[in-house]
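Okay, so here's the structure we're looking at.
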Amino acid sequence: MTRAVRHATVDDAWIIHEIARQSWHAAYDDLLGPETVDDVVDEWYAIGDLESSIREASGRRDAAFLVASGSPAADTETVARGFAHAVPWPEDRSVAFLARLYVRPDRWNDGTGTALLDALETELSAAFDRLRLAVLAANEVGISFYESTGFEHVETRPSDLGTDLEERVYEKSI
């Protein structure tokens, strides 16, 4: 199935927020609990903050905010299926930080995440040498995806989400 990947616009903020909520519930309800997931999504994916992030990434060669949907030529569904957002890593300007990559759970394993990642790497390859991300160590689906797309585990560290939680840092050359 063909996917169209494009730059996000502020009109996408609501659907991005909802994809984040669906994905976080699917990945983290058992670990964090549904109420905590709702609190995190409401804080980290507030509509105004998403709109600002989309505006800030627009037109920059060192940042990107992308949305994937079904290609109108391939199917009738043009609603967003996933999104990805990357910015410069604060400590090393040769590294991009994959701040967000989420796909609607009903679209997991259909190539949407890979299409987003491929487009993001293409978009950022002129500005960065590497792409880095952090994922909760208990997120087996996320870890499996990142390892299958060439990311290597480089560090484990405590998570800001809880005292008993760790996150794994991954990196790959682009």
Checklist outcome for this item: Taking the convex hull of the alpha-carbon atoms of the chain and averaging its shadow over every direction gives an area in square nanometres of 9.6 nm²
Item to check | Amide hydrogen neighbours beyond the local backbone of Gly150, cut-off 5 Å, H modeled | outcome: none
Checklist outcome for this item: Here region 135-149 yields Karplus 3J(HN,Hα) values (6.51, -1.76, 1.60; θ = phi - 60°; whole Hz; Gly and Pro given as x) of 9, 4, 4, 7, 8, 5, 5, x, 4, 4, 4, 5, 5, 6, 9
Checklist outcome for this item: Rounded to one decimal in nm, the spacing of the 7 Å Cα→Cβ label points at Glu91 and Val10 is 3.5 nm
Next on the checklist: Going by average Cβ density within 10 Å per residue, which order do the peptides 13-19, 136-142, 56-62 take, highest to lowest?
Outcome noted: 13-19, 136-142, 56-62
Checklist entry - Say R0 is 35 Å: what FRET efficiency, to the nearest 0.05, do Asp164 and Arg130 get from their beta-carbon distance? => result 0.75
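Each reported figure results from applying straightforward, stated rules to the coordinates on display, with no laboratory input. All values reported here derive from a predicted model rather than from experimental measurement. When we count neighbours, we look across all protein chains shown, and the Cβ atoms used for this are built from the backbone with ideal geometry, even at glycine.
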